[in-house]
Amino acid sequence: LRMAATAKSDLAALRKKTGYSLSICKKALSENNNNLGEAEVWLKKQAQAQGWAKAQKLQGRNTSQGLLGLSIQGEKAAITELNCETDFVARNEKFQSILDNLAKTCLTLSPPANTEEQVTKANISSAEISQLKISDGSSLADLVALNIGQIGENMAIGEATLVQAVSGLNLSGFAHPATETGFSNLLCGRYAAVMVYAHVEKGPTPLPEDLDIEKIPSQICQHIIGMNPTCVKNPDDKENSLLNQTFLMDESLTVEELCSAAGIKIVDFIRREIGRSN
């Protein structure tokens, strides 16, 4: 009776921990002499093998949907991309969990050092990202394949962008349309922008009362997404210069006038959209 009770308890524990069906968990325990730890390892190996098989089968299917994931940590930011077949899967929590892993893992990398620049930007290929390891020792490609097996839809890792600013500068980000996630340091959307800026002395003209100074950096990132400037300031191309553009949230100001009133100096920015390399 005690052995039966233990076996039942192990079966319940394995189901709770892995989420697999009763019959699969029974088989896992049976294949591993009712050893709970070994049964869990066996299940992971089986799931990974099935995931890779499914990934190979679905490899040619179109992945035009997906999300960008944006994560900022101190003076470093990572924008990652994960593509899938349908918008429905892009809203799936498992899909967003992969994006979170992509962003966290990319934040452990360092872009090539450039002592002459205040901001260093680097693009990381999907092939390079796929081979990066996560906390359990598997690769990001393994993680994607595992989820392909569970979700049943083709997915593909896209190019990532890493931004590193020198000490003393600030980073702000925005993603649109904002997608709710359960991850505290992850912004998701089909568009993403990161702005690098410094705090400077405010100009003589006060900020309009309806604008919140705390929200200005993220609102400028929102403007970057909407207006798609190509440079911070270029006298020969004012139309595409961020500082010369009329501010999206208050058309009585240019972005340069807004920054002066808020005490912000824009150093650099980056804008990404799903399906397009930087």
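Structure summary
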| quantity | calculated |
| --- | --- |
| Members of region 79-130 that are in contact with a Gly (Cβ under 8 Å, 6 or more places away or on another chain) and assigned to a strand (DSSP E or B) | Ile79, Thr80, Glu81, Leu82, Asn83, Cys84 |
| Only listed residue being surrounded by fewer than 22 Cβ atoms within 10 Å (Cβ to Cβ) and either farther than 23 Å from Asn62 by Cβ or aliphatic (A, V, I, L, M) (or both), chosen from Ser130, Ser167 | Ser167 |
| Whichever residue in region 140-168 is part of a strand (DSSP E or B) and not hydrophobic (A, V, I, L, M, F, W, C) and, among such residues, is nearest to the chain's Cα centre (by Cα) | Thr161 |
| Any hit, region 71-94, residues being within 20 Å of Gly182 (Cβ to Cβ), in contact with a Phe, Trp or Tyr (Cβ under 9 Å, 6 or more places away or on another chain) and modelled with pLDDT of 95 or more | yes |
| In region 198-251, residue surrounded by the most Cβ atoms within 10 Å (Cβ to Cβ) [restricted to those that are more than 28 Å from the chain's Cα centre (by Cα) and part of a helix (DSSP H, G or I)] | Asn244 |
| Flag for Glu180 being open to solvent by less than 60 Å² (accessible area, probe 1.4 Å), more than 17 Å from Val255 (Cα to Cα) and at pLDDT below 90 | no |
| Number of positions in region 54-108 that are among the small types (Gly, Ala, Ser), in contact with a helix residue (DSSP H, G or I) (Cβ under 6 Å, 6 or more places away or on another chain) and either surrounded by fewer than 20 Cβ atoms within 10 Å (Cβ to Cβ) or farther than 30 Å from Val119 by Cβ (or both) | 1 |
| Where Ile274 falls short, out of the listed (1) over 22 Å from Glu159 (Cα atoms); (2) in contact with a strand residue (DSSP E or B) (Cβ under 9 Å, 6 or more places away or on another chain); (3) open to solvent by less than 50 Å² (accessible area, probe 1.4 Å); (4) in contact (Cβ under 8 Å) with a residue 12 or more places away in the chain | (1) |
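The values are calculated or read from the model by the stated rules, or taken from the named source; none is laboratory data. As the structure is a prediction and not an experimental result, all values here were calculated from the model. As a convention, Cβ positions derive from the backbone with ideal geometry for all residues, glycine included, and neighbour counts pool all protein chains shown. Just the protein is used for accessible areas: all its heavy atoms, side chains included, with ligands, DNA and RNA removed. Shrake-Rupley method; radii C 1.70, N 1.55, O 1.52, S 1.80 Å.
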